[in-house]
Amino acid sequence: MSLPVDTKTKGASISVDKDPLRAVSSVDSRLGIFGALLIFCVYGGWALSVEFGQVAYGFHSDESTYYMMGHSIASDGDLTYRIEDLMRVWHEFPSGPFGVFLKKGRDVEGVSFISKPPFFEIHSRPDSDTTRLFYGKSFVYPLVAAPFIAIFGTSGFLVLHAVLMALVMLLAYLFISARSNALVAFLLASGFVMASVVPAYFVWITPELFNFSFVIFGIFCWVYKKVASRDSAPYVGRWLFTPVSDLIAVALLAIATFSKPTNVLLIIPLLVDHAWHLRWRRVLSCGFLFGIVVAGLFAINVAITGEWNYQGGERRTFYEAYPFQTKDAGFDQVGMDRATDRVLTEEIFDREVFWTVFWHNLGYFVVGRYSGLLPYFFPAVFAVGLFLIAYRRRVGWQ
């Protein structure tokens, strides 16, 4: 681990790692801005030039649920499933929805604390309004997409994706160009975004691209100060060398965690880095903020549905018939149970099969059986390979 040195900023100081790699004297951001604008114009232009309902050939995976959530927020200002939401789908997609996750709401009566995660228990009763249901997915992605949907209709999902891809391109360029010349940074940043499954996710109305982008944004806000100097960074990015950058990084990772709870692991390296440098105040402030943002988002879910777990409770998925579609189409009659109320730790950590399953999953993760890191996100394999080869140039934070 390299020794920390202090870099003074206006009104604050922050500790950064000094490593054998020398930062460039100044970052030329023009190629990065050009690449970001090119991606935005190409993908944003395509998004606005097509009728998504006509070229999408129906819904795939969980798209129906997120489509209906986004339009419900944009048009109705709520996340309540009603017959109007269902009719809105058929107006644009003649094939109708496919695989909609819905759940019954509950009226909260009280909260008590318990000794097991999530360390509290909500006391509630069935929703008194039997004419409404709620969506059984995280609301954060459709919430961010809602303003774009209000302006551009369903294409607003894709416009948001174009914005996210452009920002990832720009941040990847800025990060790499802090230690490389502009052309190398442009080529590597372009490959990071384009030589992978990311462009395919552009046309999916699901949170994959959203989660990918928010994780990149959060990690960038944390580590950029470790590869760049304040004087060489673009003027508009000087705030990245203040303590605020870590707090914004934490908030972004917290949002990604609410969208996909396994992303909670991504906060660990940031906290460990501060703890290694004995920055205990930073550990406490970042950990506290992360917990507050995640808890706050789940609290909003409680306020909407009466339950903290958007995948738990009375949750069902629907494929051919949908609640309120006909008089006989009730929630319990036409859906299949799809509740996830707990993590199956006794199966995951079963001593008899754990290591066998682990090594098989590791192989599937890297090489793939139907997918995998190598075919789906080759830039990650390429980066890890270079990281392992250049062991003499690695530094502690990496």
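For residues in segment 60-93 being open to solvent by less than 20 Å² (accessible area, probe 1.4 Å) and of a type in the set (A, V, I, L, M), which is nearest to the chain's Cα centre (by Cα)? Out of the qualifying residues, it is 69.
Residue count for segment 256-280, restricted to those that are within 16 Å of residue 222 (Cβ to Cβ) and either assigned to a helix (DSSP H, G or I) or out of contact with any strand residue (DSSP E or B) (no Cβ under 7 Å at 6 or more places or on another chain) (or both): 16. Of the residues in segment 94-101, not one is buried (at least 16 other Cβ atoms within 10 Å of the Cβ), aliphatic (A, V, I, L, M), part of a loop (DSSP other than H, G, I, E, B) and at pLDDT 90 or above.
In this structure, is residue 50 touching a helix residue (DSSP H, G or I) at 6+ places or on another chain (Cβ under 7 Å), at negative phi and at pLDDT below 90?
Answer is no for this residue.
The one condition from (1) open to solvent by 40 Å² or more (accessible area, probe 1.4 Å); (2) within 16 Å of the chain's Cα centre (by Cα); (3) not acidic (Asp, Glu) that residue 184 does not meet is (2).
Of all residues in segment 121-144, those satisfying the criterion of being in contact with a Lys or Arg (Cβ under 8 Å, 6 or more places away or on another chain) and among the charged types (D, E, K, R) are 125, 127, 132. Inspection of segment 216-238 finds no residue satisfying the criterion of being acidic (Asp, Glu) and assigned to a helix (DSSP H, G or I). Counting only residues that are exposed (fewer than 13 other Cβ atoms within 10 Å of the Cβ) and at pLDDT 85 or above, segment 130-155 holds 1 of them. Among the residues making up segment 357-398, those that are in a loop (DSSP other than H, G, I, E, B) and farther than 17 Å from residue 190 by Cα are 367, 368, 369, 370, 371, 372, 390, 394, 395, 396, 397, 398.
Report the residue count in segment 333-354 for those that are open to solvent by 80 Å² or more (accessible area, probe 1.4 Å) and either closer than 18 Å to residue 86 by Cβ or within 30 Å of the chain's Cα centre (by Cα) (or both).
Step one: filter segment 333-354 for residues open to solvent by 80 Å² or more (accessible area, probe 1.4 Å), giving 333, 336-338, 341-343, 346-349, 351-352.
Those still in the list that are either closer than 18 Å to residue 86 by Cβ or within 30 Å of the chain's Cα centre (by Cα) (or both) too: 333, 336-338, 341-343, 346-349.
Residues flagged as open to solvent by 80 Å² or more (accessible area, probe 1.4 Å) and either closer than 18 Å to residue 86 by Cβ or within 30 Å of the chain's Cα centre (by Cα) (or both) within segment 333-354 amount to 11.
Under the condition of being more than 25 Å from the chain's Cα centre (by Cα) and in a strand (DSSP E or B), the residues counted in segment 102-111 number 6.
One residue alone among 158, 167 is touching a residue at least 60 places away in the same chain (Cβ under 8 Å), open to solvent by less than 10 Å² (accessible area, probe 1.4 Å) and out of contact with any Leu (no Cβ under 7 Å at 6 or more places or on another chain), and that residue is 158.
Of all the criteria given as (1) in contact (Cβ under 8 Å) with a residue 24 or more places away in the chain; (2) of a type in the set (A, V, I, L, M); (3) open to solvent by 20 Å² or more (accessible area, probe 1.4 Å); (4) touching a Phe, Trp or Tyr at 6+ places or on another chain (Cβ under 7 Å), the one not satisfied by residue 108 is (4).
Here residue 121 passes the criteria (1) within 22 Å of residue 165 (Cα to Cα); (2) open to solvent by 60 Å² or more (accessible area, probe 1.4 Å); (3) in contact with a strand residue (DSSP E or B) (Cβ under 9 Å, 6 or more places away or on another chain); (4) among the charged types (D, E, K, R) except the one numbered (1). Looking across segment 355-375, just one residue is of a type in the set (Ser, Thr, Tyr) and open to solvent by 90 Å² or more (accessible area, probe 1.4 Å), and that is 370. Of the residues making up segment 299-332, those that are polar (S, T, N, Q) and either touching an Asp or Glu at 6+ places or on another chain (Cβ under 7 Å) or surrounded by 13 or more Cβ atoms within 10 Å (Cβ to Cβ) (or both) are 301, 305, 309, 311, 317, 325.
The values are calculated or read from the model by the stated rules, or taken from the named source; none is laboratory data. Quick caveat: nothing in here was measured; it's all calculated off a predicted structure. No Cβ is skipped: glycine too gets one built from the backbone with ideal geometry, and neighbour counts run over all protein chains shown. Note: accessible area is taken over every heavy atom of the protein model, side chains too, but ligands, DNA and RNA are not part of it. Shrake-Rupley method; radii C 1.70, N 1.55, O 1.52, S 1.80 Å.
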